[in-house]
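Structure first, then comments.
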Amino acid sequence: MSKRSQAWKALEREAAQLLGGKRVVRGDWGESDVDVKTEFPRLKVDCKYRQSHAHHALLAGIKKKYCKEPSERAVLVTKHKGQPGCNVTVDGYTFAALLDCFRVVNRLSRADPMLFADIAREVTADSETLEEEVRELSATGVKS
């Protein structure tokens, strides 16, 4: 009998550490849940370990072709016919940095709402939507 790969568990642990979250361990395999939970309850993190993913090769191609400096980040935007909106793929470290930005914005919005509103007006044409999205992303089920 061959030993089953535990690589998917390692991926879940890596994702939890990278995103500052906790790996969800299920005792009942029939129970459906995400693989990693962060302090942002509206982010649903699921991990998929496979032999290959087409978008990985595309992202690697972008990085090889355009990213000449270590600080440059590859971003892949995809859309299929008829899809509303689009999907964005980045590497884990880039996504972790974006989550850190959300953490800073969340703290700023709670600590100094007026400063947050001023900054929001500077960075987006729709500051009210930005404020609402930050509150929703950070919501813990309690409406403020």
*For the chain, what % of the accessible area comes from carbon and sulfur atoms, probe 1.4 Å?*
56 percent
*Could you sort 37-44, 79-86, 56-63 so that the peptide with the highest average Cβ count within 10 Å comes first and the rest follow in order?*
37-44, 56-63, 79-86
*Cα extents of segment 39-78 along the three principal axes, largest first (Å)*: 35, 26, 19
*Computed over the Cα atoms of the chain, what is the ratio Rg over Rh, Rh following Kirkwood?*
1.02
*Mind pulling the angle between the C-alpha long axis of helix 127-138 and the longest principal axis of the chain? Nearest 10 degrees, somewhere in 0 to 90.*
40 degrees
_Taking 8 Å as the Cα distance limit and 6 or more residues as the minimum spacing, I'd like the relative contact order of segment 17-56 as a percentage._
30 percent
*Given H placed 1.01 Å from N in the peptide plane, which residues other than close sequence neighbours of C47 have an amide H under 5 Å from its amide H?*
D35
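Around K22, with a cut-off of 11 angstrom between Cβ atoms, what is the net charge of the other residues, counting Lys and Arg +1 and Asp and Glu -1? Before the final figure, lay out each step's value.
Details: positive: R13, R23, K37; negative: E12, D35, E39.
Neighbour charge sum, excluding K22 itself: 0.
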_Give me the one-decimal nm value for the distance between modelled label points at L58 and T78, 7 Å along each residue's Cα-to-Cβ direction._
0.4 nm
*Can you work out the FRET efficiency for the pair N87 and R121, with r the C-beta to C-beta distance and R0 = 22 Å, to the nearest 0.05?*
0.15
*Per-residue ellipticity at 222 nm for the chain, helices alone: DSSP H runs ≥ 4 residues times -39500 (n - 2.57), over residue total, nearest 500 deg cm²/dmol?*
-15500 deg cm²/dmol
_Pairs of alpha-carbon atoms within less than 8 angstrom and 6+ residues apart define the contacts here; what relative contact order does the chain have, in percent?_
19 percent
*Helix 7-19 sits at what angle to the longest principal axis of the chain, using alpha carbons and giving 0 to 90 degrees rounded to 10?*
20 degrees
*What's the local net charge at K63, with K and R +1, D and E -1, over the other residues with C-beta under 13 Å away?*
+1
*Whole-Hz Karplus ³J(HN,Hα) for segment 23-36, in order, using 6.51 cos²θ - 1.76 cosθ + 1.60 and θ = phi - 60°, x for Gly and Pro?*
6, 8, 9, 9, x, 10, 5, x, 6, 9, 7, 5, 8, 9
*Where does helix 113-123 land angle-wise versus the long Cα axis of the chain, in degrees 0 to 90, nearest 10?*
70 degrees
*Calculate one ³J(HN,Hα) per residue across segment 93-107 by plugging θ = phi - 60° into the Karplus curve 6.51 cos²θ - 1.76 cosθ + 1.60, and present them in order as whole Hz with x for glycine and proline.*
5, 5, 5, 4, 5, 5, 4, 4, 4, 4, 4, 5, 4, 4, 5
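The values are calculated or read from the model by the stated rules, or taken from the named source; none is laboratory data. As the structure is a computational prediction, the values presented were derived from the model and not from experiment. Quick reminder, even Gly has a Cβ in these numbers, built from the backbone with ideal geometry, and neighbours come from all protein chains shown. Heavy atoms of the whole protein, side chains included, go into the accessibility calculation; ligands, DNA and RNA do not. Shrake-Rupley method; radii C 1.70, N 1.55, O 1.52, S 1.80 Å.
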